[in-house]
Amino acid sequence: MMSGYPIMLHLRDKPVAVVGGGRVAARKVERLLGAGARVFLISPEIAPAMRDILDRSEIVWIKSKYQRDMFNDYMPILVIAATDDERVNQTVAQDAHRIRALCNVANGSSMDSDFSNMAQIDKPPLTIALSTGGKSPALLRALKAKLAEDIGEEYAILADWLGTYREDARGVNGSQPTRQALYQDILDSDVLALLRDGKPVQARSVFQQIVETGITQ
């Protein structure tokens, strides 16, 4: 497999089509909804997992087998082919490419897909994505488990604090190198250790002290 180009797609309010109603499709839909996409589901039947999603989400369900050029009515920018019929998946991919939409064929040939999904660890606002280029799913699972254990909620909390400071500091606190040095001072401090030990008040105090010192320099 050729190396890929990792990106984070911004799908909020963007039309995305998922063809298939099984468990694999349900996992894809769940992720897409989490990204804020407008999901069009095409499938004559759906699995219980998908029904649960439909019951609590705003999804347009086209209760039909996929037919040639169905995307012309919805013009998705992204398409997921997740049926258990290889020929249908190939047709879906062809139609997606015809309207210049990116397409992923779940469990299919990489030749039919424009992208592959990566293993993902979510600790909002942090998202950590992993890939072995299709070489070893077992290694990927092991890496994901290890990172999920090693990277605790303290990193997510600090990311929020740094994000807020970054917005406030633009145009106020000197040059980019100066701000970078301040960020490094925060990372080298006891902030993460204090958060890990369940001491958010003390952690915030250390964080604020470093920020205020940087502002006055």
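Read the figures in this text as sums done on the coordinates, not as results from a lab. Predicted, not measured: the structure shown is a model, and the values here were computed from it. Cβ: placed from backbone, ideal geometry, glycine included. Neighbour counts: every protein chain shown.
The stretch between I128 and S57, if pulled fully straight at 0.36 nm per residue, gains 23.0 nm over its current Cα-Cα span.
The angle between the Cα long axis of helix 86-98 and the longest principal axis of the Cα atoms of the chain comes to about 70 degrees, rounded to the nearest 10. Axis of helix 200-216 versus longest Cα principal axis of the chain: the two differ by about 70°, to the nearest ten degrees.
For the chain, find the longest principal axis of its Cα atoms and tell me its angle to the long axis of helix 153-169, 0 to 90°, nearest 10. Here the helix axis deviates by roughly 70 degrees.
Look at the Cα gyration tensor of the range 56-117: its axes a ≥ b ≥ c give a/c under 1.5, and that counts as rounded. Take the alpha carbon gyration tensor of the chain, find the square roots of its eigenvalues, order them as a ≥ b ≥ c, and report rounded if a/c is under 1.5; if not, report prolate when a/b exceeds b/c, else oblate. Here the chain falls in the prolate category.
Which shape class, rounded, prolate or oblate, goes with the range 153-216 when its Cα gyration tensor gives a ≥ b ≥ c as root eigenvalues, a/c under 1.5 marks rounded, and past that a/b bigger than b/c marks prolate? Present the calculation step by step, with values, prior to reporting the outcome.
Numbers: a/c = 2.14, a/b = 1.86, b/c = 1.15.
Prolate.
For T132, no residue 5 or more places off, or on another chain, has a built amide H under 5 Å of its own. Among beta bridges identified by DSSP and lying wholly in the chain, the antiparallel ones come to about 25 percent. 3J(HN,Hα) along the range 113-122: 9, 8, 7, 10, 7, 9, 5, 10, 10, 10 Hz, from the Karplus curve 6.51 cos²θ - 1.76 cosθ + 1.60 with θ = phi - 60°, whole Hz, x for Gly and Pro. Over 21 Å apart at the Cα level, from the set K28/K65; K14/K135; K146/K199; K123/K146; K28/K144, are K14/K135; K146/K199. Charge tally for D13 (other residues, Cβ to Cβ under 14 Å; Lys, Arg +1; Asp, Glu -1): +2.
Spacing of the modelled spin labels on L102 and K14, each 7 Å from Cα toward Cβ, amounts to 0.6 nm. Please work out the Cα center distance from the range 105-153 to the range 1-55, rounded to the nearest Å. Here the answer is 16 Å between Cα centres. Under 5 Å from the amide H of L41 lie the amide H atoms of V18, V60, W61, I62, each residue being 5 or more positions distant or on a separate chain, with H modelled from the backbone and absent for Pro and chain starts. A simple packing score, the average count of other Cβ atoms within 10 Å per residue, orders the peptides 194-202, 26-34 as 26-34, 194-202, with the highest score first.
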